[in-house]
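Okay, structure first, notes after.
No lab work stands behind these numbers, since they all come straight from the coordinates. The shown structure was predicted, so the numbers you read here are calculated from the model rather than taken from an experiment. Cβ placement follows ideal geometry from the backbone for every residue including glycine, while neighbour counts extend to all protein chains displayed.
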Amino acid sequence: MMRQSIWPTPERPPLVPGRFRGDTHRGDRVFSWITAASASIVILTVLAMTGQMLASSWLSLETFHWSFITSLEWNPVTEQFGALPFIFGTIVSSTVALALAVPVSFGVALFLSELAPEWLRNPFGFLVELLAAVPSVVYGLWGIFALAPLMRETVEPALRASLGFLPLFSGPNQGYGMLTASVVLAIMITPTIASVSREVLRAVPRAYREAALGLGATQWEAIRTGVFPVARSGLVGAVVLGLGRALGETMAVTMLIGNRADISASLFAPGYTMASVIANEFTEATEDLYLSALAEIGLLLFIITVLLNIFARFLVWRVGRQGGA
Amino acid sequence: MNIRSHFTYRKAVDRIVRGLCLLAALLALVPLFSVLYYVTARGLGGISFEFFTELPTPVGEEHGGVANAITGTLTLVGLACLFGIPPGVLAGVYLSQFGHTRLGKIVRFSADVMSGVPSVTIGIFVYSLLVVRTKQFSAYAGGLALAVIMLPTVTRTTEELLKLVPEALREAALGLGVPQWRTTLSVMLRTAAPGVATGIMLAVARVAGETAPLLFTSFSNRFWPGGLDEPTASLPVQIYTYAVSPYEDWHSQAWAAALVLVALVLTLNVAARVLVRHRVR
């Protein structure tokens, strides 16, 4: 996570309104044009991205319409492209990752904002940030040689022994599959959820905690009754931001999920996600329709993550305003 | 339940929750230390002089290196900085001055939207935009993809840090008759420089490890590229190729390359951290 506050600093009022654009100094005018042009680059990039993604997907959009997201068949030879197995894989892996990451992340956030001694907060927060700094491909490498064997030999047999009656934890396990990919995803989104939640918790005014503590509440009770109700929407926002990251995460998942376009009830079974099918097949695809189908998967990812991000920012921003941060 | 035992119960719950939070915090760091341990333990063995100076060798041949991938990553990150930092910083300046205008709001919204786009999608975008047109994978395309990833971070960081510069500094400069553009560049941006540099270093650290967008923009290359318009090797892509291969000696090369990459990324992060602390004091 970039160490950037999630709430914008309040707007700086212009000294003399309009002065910057005024005709007093030619340098000012030129400079304001240059900065405005640079700012427009940001907008143009987003527009170009939207346009280009639509254009690249057009052939596939026209050919398959809605069946693209409802069909199970992905066959480059017969040029039948249905993305449902990938959509399924993305949803399942992200959901499992969230289930694993959310409790831990909230624990980390509470620890960092409420419980840890003052001197420990910054160094510890830095270590959590480093967790986000490790490149995805390194997590993938570590996953192949450290995590997958551990999952295959210890975790998955234990799960099967205790919860094997559920279809989720049955079937052959090779260490590569939905569950292993979800664990790595969980590790990768924990810093995102934790650091946003921490900021959200910090934005809740001290007085709320003090009021609860003054009434004789324990620290946990103060958090539960004084902090959570105010922070709730922001915490949801943090989770949604984490989800957005999980959906688009590519390399580590590609290296661990097994890359098979099947829909299976078991989490031990290999799967495939939207991002990893793009990573795996995009350079191999030579037919126009094939490329276009992959681009359409990219377009879907683009739309979903953008919507999730806007929603999450709105939720987090609401707490910032309420809490007066 | 009488009052006393209820109180004991409440205290117990409090203690359990606090214990769980501590446990969660420790648990979250286990992967970090495990990754660092594995990368160091398995990577050190593969590090040698040749590793930094030689080209990759085919399977079975000894003494291969990843020299082209190291310079490739430096090239790509350099191009990304070239394409991404100037417009990013200037757009940040614009936002800090005109953030309240309609254009300002749209720019800020666009930057926020962009920062959430998966990097693999950005790869497709640059592929369709550049690689298809030039009919060639190139360092330019890779650099552009990384620049697109950097742009929103650089913009928003610059904006936030410029807004933190005390208003009095600006007033003082303007009061001396300094034109507004000089004030912005020599006073505001200068004061915010360490913070902006930190933001840029973190953005660089992030893109240095990006793999997915490079797969279809700069691609990979077993040899030295003949120029910036040719396919270019990079550390992350090299790690990926080696990691998913079935060969033992490629695996050890992957670990060594990962060690180099992680060292680079962590150094940038720690340096950024030190820079900020320095500024606060």
Pair A:Ser67, B:Glu50: separation of 7 Å Cα→Cβ label points (nm): 5.6 nm
Shielding by partners - mean other protein chain Cβ count within 10 Å, residues of A:145-158: 1
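Just counting partner chain Cβ atoms within 10 Å, what average do the residues of peptide B:149-157 show around their Cβ?
3
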Number of partner chain Cβ atoms within 10 Å, mean per residue of B:29-39: 6
Selected from B:Val276, B:Leu164, B:Val89, residue furthest toward positive end of dipole (chain B; charges at beta carbon): B:Leu164
Chain B: relative contact order in percent, alpha carbon pairs under 8 Å with at least 6 residues between: 25 percent
For the stretch B:44-116 versus the stretch A:112-158, the gap between their alpha-carbon centres in whole angstrom: 24 Å
Estimated FRET transfer efficiency (A:Leu307, B:Leu169; beta-carbon r; R0 35 Å; 0.05): 0.30
Dipole magnitude of the stretch B:71-234, debye to nearest 20 (Cβ charges: Lys/Arg +1, Asp/Glu -1, about Cα centre): 200 debye
Long-range amide H partners of A:Gln80 with built H, under 5 Å: A:Asn75
Chain A, relative contact order in percent, only Cα pairs under 8 angstrom and at least six apart counted: 26 percent
Cα-centre dipole for the protein assembly as shown with unit charges at Cβ (Lys and Arg positive, Asp and Glu negative), debye to 20: 3000 debye
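Taking only DSSP H segments of four or more residues, each worth -39500 (n - 2.57), what value at 222 nm results for chain A once the sum is divided by all its residues, to the nearest 500 deg cm²/dmol?
Helix-only estimate at 222 nm: -21500 deg cm²/dmol.
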Label-point separation, B:Glu62 to A:Ala207 (7 Å along Cα→Cβ), nm: 7.4 nm
Whichever aspartates and glutamates have a C-alpha closer than 13 Å to that of B:Lys105, once near sequence neighbours (fewer than 8 apart) are set aside: A:Glu11, B:Glu159
In the stretch A:83-190, the chymotrypsin sites (Phe, Trp or Tyr not before Pro) that fall in loop regions by DSSP, at most 16 other Cβ within 10 Å: A:Phe165
Estimated vicinal HN-Hα couplings, Hz - the stretch A:302-311 in sequence order (Karplus 6.51, -1.76, 1.60; Gly, Pro = x): 4, 4, 4, 5, 5, 4, 4, 5, 4, 4
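In debye to the nearest 20, how big a dipole does the stretch A:129-203 give about its Cα centre with +1 on each Lys and Arg Cβ and -1 on each Asp and Glu Cβ? Mind showing how you got there, number by number?
Values: 4 positive and 4 negative charges, 18 e Å.
Its charge dipole is roughly 80 debye.
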Leading residue at positive end of dipole, the protein assembly as shown (Cβ point charges), from B:Ala67, A:Leu115, A:Ser38: A:Leu115
Neighbour cut-off at most 12 other Cβ (10 Å), DSSP loop, chymotrypsin sites (Phe, Trp or Tyr not before Pro), the stretch B:14-101: none
Charge sum, other residues only, whose C-beta stays under 14 Å from A:Trp58's C-beta, Lys/Arg counted +1 and Asp/Glu -1: -3
Three-way shape call for the stretch A:19-62 based on the alpha-carbon gyration tensor, with the a/c threshold at 1.5: prolate
Residue with peak Gaussian network fluctuation, chain A [Cα springs, cutoff 10 Å], from A:Ile257, A:Ile189, A:Ile43: A:Ile43
Length released on extending from A:Glu287 to A:Thr225, taking residue separation times 0.36 nm less the Cα-Cα span: 16.4 nm
Among A:Gly175, A:Ala99, A:Leu235 - extreme Cα towards positive end, dipole of chain A, charges at beta-carbon: A:Leu235
Span from the the stretch A:194-223 Cα centroid across to the the stretch B:122-177 one, whole angstrom: 37 Å
Hypothetical label at B:Leu176: residues of the stretch B:187-227 whose amide nitrogen lies under 12 Å (7 Å Cα-Cβ projection): B:187-188
